[in-house]
Number of protein chains: 2
Amino acid sequence: MTPPPAPSDAVAIELNAVLVALTANQPLVLTLEDGTLLPSGPFATEHPTLQSGLRAWVERQTHHPLGYVEQLYTFADRNRPGSDGRQRIVSISYLGLTRERLSAGARDPEWRSWYRYFPWEDWRTGPAPLIAETILPRLGPWVDAGGDAGNRRERQQRVEVSFGDGRETWNEDLVLQRYELLYEAGLVPEAKHPAADPVPGMPMRHDHRRILATGIARLRAKIKYRPVFFELMPPEFTLLQLQRAVEALAGRPMHKQNFRRLIDQQGLVEPTGASTTEARGRPAKLFRFRREVVLERAAAGSKLPLSRPI
Amino acid sequence: MTPPPAPSDAVAIELNAVLVALTANQPLVLTLEDGTLLPSGPFATEHPTLQSGLRAWVERQTHHPLGYVEQLYTFADRNRPGSDGRQRIVSISYLGLTRERLSAGARDPEWRSWYRYFPWEDWRTGPAPLIAETILPRLGPWVDAGGDAGNRRERQQRVEVSFGDGRETWNEDLVLQRYELLYEAGLVPEAKHPAADPVPGMPMRHDHRRILATGIARLRAKIKYRPVFFELMPPEFTLLQLQRAVEALAGRPMHKQNFRRLIDQQGLVEPTGASTTEARGRPAKLFRFRREVVLERAAAGSKLPLSRPI
DNA sequence: TAATTAATACTCTAACTGAGCATAATGAGG
DNA sequence: CCTCATTATGCTCAGTTAGAGTATTAATTA
């Protein structure tokens, strides 16, 4: 039952990276070739581990240290988009957070707002109009084409869970589910049987937009129980800047006073003593992160009715 | 920056599986060779996707369908324990939940309680005595051997976060952190420089105990926001049986009345109408899961102060 | 019949969440 | 100088949730 693994026919390891930065309240992702590709490359044989290979390669390209790295997913499907079917490519994707951007305005690599790829994910100024105006109407026919009643009902439920009603209910974490639903419905150009008229949102080559969706979803889920947005902020910042950063990632507006209360309660930041007058109104105190807390914060909230140990 | 990935020298893809079942309130994991290995094997070339390869292979071995499958992690480290350093092995591990066990008492493969490998993870009857009696005392010298004060302080903090004080504070999700801490401190036999006297808990070959820790951690985290324990239960069950199942996974006792309240509120189950008298006391109603709810439950709880969309 | 075991129904309190009001401190424009 | 727009910050409030405990019901076993 456990024969020694024999070398498969032709296998290549490829690394894909979703590299995220923040500027001017926009969540940015590093892209290549006119925004159609995520940075990716072969896994250099000389590196002892995957992460070290990724770090070395990214830092050589961007000249900036990679703050936080997390593995996303491994694909090895034979019929993976972009594979020619003969050689098997194992694609291992990573999420990386970095504080500084590459030289601004560079063309290749280029930082782009991830909302260019997923315009329906930006609810910072209210429900994305795209959903009620375009997406839901076009998903309707797909639901109706579901065959028997049970299947139609399931499709309808998937639409409701993923996109809500387009106005109120919205779960910002379901980035991947939404993209996959649109893919399945043929509403993105990458789909095998794309509709003549896809939904707005810039496509990418191969399955890179899918990988990007995975990275955004992971990051949105993560910030709720671990303050990784640390890695994206400058050394000093105001609380409003921090709030705008989190909003950019989550794609949702937040209640200002409650946001401050939460940050305060958790002891995540400490005042530097200085304040800034860059904005128009009352000067805001500057803060820095208390890195010590990150370790302590490993404890996540529980949703089960645990009782105190006997 | 994006050369076509060239085949690395010698690469083999290997699948590792953490297969979980539940019997008699014990969380079981499928093992091979006297419990020293997780089932693993080469990725068969004929399968179009990783998951289909895994499913086919597991179902051929256990003769039972695999309910829920989730990718865990991909390792490709050159100096991975068990690798001979020449050939690079890409090891992709999966978590799988299954309802039925293999023929009871079989020797190979064999189901074993995962607490044989991680005895300190079982807090169902209160704090695991092992921690205060053995683990914390042995981690003390490791903290002291940390070199400069800063490093010692960091080690101390890691110990506190991972193991708490051994009595009250305990986060059941940190299975992997705890194992890695013990590994680093040389307190498990698998470590590169193992102490003469390791902490109790059965070791495994290669990095399989590490993979198992990853699977347990993932499962414990998952049950808090998605009712995957569905996949481990028989078609009908009492609420106490369900509670014991969740407790077995989480490794912690739960408050009976509140557990029922939570299950009830979420609408996860419906009474079958029948009841059972297998236990001694008052007969309990039998329930079954409402599978429809699983889809709806995709919505997870948020911990950020979201405001209603404008 | 009494003791035991388990199921189930409520209650209570502290903490947390989403929301909003009020006030303070600044620059811009008249 | 005065007013207004703008941002920061302090505080309150109601509804919900989480952890804990009390009480009652319905069966089995000694």
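The values are calculated or read from the model by the stated rules, or taken from the named source; none is laboratory data. Computed from a predicted structure; not experimentally measured. Reconstructed Cβ throughout: ideal geometry from the backbone, glycine too, with neighbour counts over all protein chains shown. Surface areas here come from the heavy atoms of the whole protein model, side chains and all, with no ligands, DNA or RNA. Shrake-Rupley method; radii C 1.70, N 1.55, O 1.52, S 1.80 Å.
Peptide A:246-252 has a mean of 2 when you count, residue by residue, the C-beta atoms of other protein chains within 10 Å of its C-beta. When the listed pairs A:K222/B:K222; A:K222/A:K285; B:K222/B:K285; B:K224/B:K285 are checked against a 18 Å cut-off, the alpha-carbon distance exceeds it for A:K222/A:K285; B:K222/B:K285; B:K224/B:K285.
Contact order, relative form, for segment A:146-263: 18 percent (alpha carbon pairs under 8 Å, 6 or more residues apart, mean separation divided by residue count).
How do A:66-76, A:263-273 rank on mean C-beta neighbours within 10 Å, highest first?
A:66-76, A:263-273
Semi-axes of the equivalent ellipsoid for segment A:233-296, computed as √(5λ) from the eigenvalues of its C-alpha gyration tensor and ordered from largest down, come to 18, 17, 11 Å. Under a 5 Å amide H cut-off, with hydrogens placed 1.01 Å from N, B:V18 pairs with B:Y94, B:L95, B:G96 among residues at least 5 apart or on other chains. Computed about its Cα centre, the charge dipole of segment B:119-201 is approximately 160 debye, with only Lys, Arg, Asp and Glu carrying charge at their Cβ.
Take each residue in A:11-19, count the other chain C-beta atoms within 10 Å of its C-beta, and the mean is 4. Remark: label point of B:L262 defined 7 Å out from Cα along the Cα-Cβ vector; separations to the same position in other copies 2.1 nm, ascending. Each Cα pair under 8 Å and six or more residues apart adds its sequence gap; the mean of these over the residue count of segment A:119-201 is a relative contact order of 24 percent.
What does the convex hull of the Cα atoms come to per residue for segment A:119-201, in Å³?
Spread over its residues, the Cα hull of segment A:119-201 gives 87 Å³ apiece.
For A:D144, the label point sits 7 Å beyond Cα toward Cβ; its separations from the matching points on the remaining copies run 7.8 nm, from shortest to longest. With a 10 Å cut-off around each Cβ of A:254-263, the average count of Cβ atoms from other chains is 3. Distance from the alpha carbon centroid of segment B:150-201 to that of segment A:238-292 works out to 34 angstrom. Counting charges near A:R178 (Lys, Arg +1; Asp, Glu -1) among other residues having Cβ under 15 Å from its Cβ returns a value of -1.
With a 1.4 angstrom probe, the accessible area lost at the B-A interface totals about 6800 Å².
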